[in-house]
Amino acid sequence: MSSKKCHFSDSCEEFVCSEQETWTRLSELKNNTINNIAFPHAENLLEVILLKADMFFQHKFDHENAFVCKNYRTILLRQACFVRALSKCDVCLSVRGLVSHGKNDLRHIAVAQAITIFEVFQIKNSYGKLICRQCRTEVLKKIETIREQAHSDAFNCVFNPESLCCEEDFMEDDDPDHQSPHDNSIEAEKLSKQLAAFG
């Protein structure tokens, strides 16, 4: 495993990877189903960790030969603590320019909200964190269907081996325009062009 790289080493720049002896194959996370209110609409731990790492447009990759180190697994799979008396909105300052105070109407950030919060408000790793009603209203104004569809198509490719995307990707080595699925900047650039075309 010495030549391998943690799949998430670029997702949280302030942290470093743990020793490789503690790494986990991503195929193991894919097999761990989940039903947790903190991670809306996620069905397994691989889906959760990709969403937490802002890899919303991740396409097909080899789960058996991709890994996550112990440090990043701990960081990205950390559940949002929802203690009503102490909880605050995690995005008020960035979304509305206000310091957050304790609120009753809090929800965990869902996928469409996380995509918009990441791309529009430049807040990283927001999926599953807490958001208040006022911020949900502001984020809703910015949500675009094309972003959600691009995410849905990408994750269908990751989690559905029979998808057309996966079949086409077997030819990726012969495609001079093919880009690595690990480069989120490439996917963001493509999405920006799509949004401009619809604008």
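The values are calculated or read from the model by the stated rules, or taken from the named source; none is laboratory data. For clarity, every value in this text was computed on a predicted model and none was experimentally measured. No Cβ is skipped: glycine too gets one built from the backbone with ideal geometry, and neighbour counts run over all protein chains shown.
Inspect all residues belonging to the range 89-101 and state whether any of them is in contact with a strand residue (DSSP E or B) (Cβ under 7 Å, 6 or more places away or on another chain) and closer than 24 Å to SER27 by Cα.
The answer is no; no qualifying residue exists.
Could you list, in sequence order, the residues of the range 132-147 that are buried (at least 18 other Cβ atoms within 10 Å of the Cβ), closer than 19 Å to PHE56 by Cα and among the hydrophobic types (A, V, I, L, M, F, W, C)?
Matches in the range 132-147: VAL139 only.
When the residues of the range 41-68 are filtered to those that are of a type in the set (D, E, K, R) and assigned to a loop (DSSP other than H, G, I, E, B), which remaining residue is nearest to LYS124 (Cα to Cα)?
Among those residues, the one meeting the criterion is ASP54.
Here are ILE131, ILE123: which of them is closer than 24 Å to ASN35 by Cβ and at pLDDT 90 or above?
ILE131
Take the residues in the range 73-102 that are within 30 Å of CYS6 (Cα to Cα) and modelled with pLDDT under 70; name whichever of them is surrounded by the most Cβ atoms within 10 Å (Cβ to Cβ).
ALA80
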